[in-house]
Amino acid sequence: MPLGTPEITILLVIFFLLFGAERLPKLARALGQAKGEFNEGLKDLKEAGTDTEDDLERGGRTESVAIAEKAEDAGVEIEGKTPDEVANESDE
């Protein structure tokens with residue numbers, strides 16, 4: 001249900017009472033900066049080629065962690081090897 005004018009007015013009055021007129025702009029500025037940093041982080045992840053949907057399908061684990069767990073289940077030693085070497089050995 002979308003917020004109407006009366007609801008927004010009530011919320012603003014409550015914010016003014018709780019935070020005061022001086023702190024409200026600072027709070028809004030901080031929220032805007034946080035949103036900008038969050039969006040910048042998402043952009044960086046997309047540029048790095050990280051696919052967060054694939055990570056979520058793996059239970060929140062990155063590909064290299066999933067490969068390491070698969071190798072440990074198969075009894076493959078992973079110490080000192082690259083993720084590609086471990087993946088090749090665990091597939092054999």
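With respect to (1) surrounded by 13 or more Cβ atoms within 10 Å (Cβ to Cβ); (2) within 17 Å of the chain's Cα centre (by Cα); (3) modelled with pLDDT of 80 or more, the lone exception for F38 is condition (1). Tell me, please, whether a residue that is surrounded by 10 or more Cβ atoms within 10 Å (Cβ to Cβ), modelled with pLDDT of 80 or more and part of a helix (DSSP H, G or I) can be found in the stretch 74-84. Looking through the stretch 74-84, none of the residues is surrounded by 10 or more Cβ atoms within 10 Å (Cβ to Cβ), modelled with pLDDT of 80 or more and part of a helix (DSSP H, G or I).
Kindly indicate whether A28 is assigned to a helix (DSSP H, G or I), at pLDDT 85 or above and not polar (S, T, N, Q). Answer is yes for this residue.
The values are calculated or read from the model by the stated rules, or taken from the named source; none is laboratory data. Since this is a predicted model, take the numbers as computed values, not measurements. Heads up, the Cβs are rebuilt from the backbone with ideal geometry, glycines too, and the neighbour counts pull from every protein chain shown.
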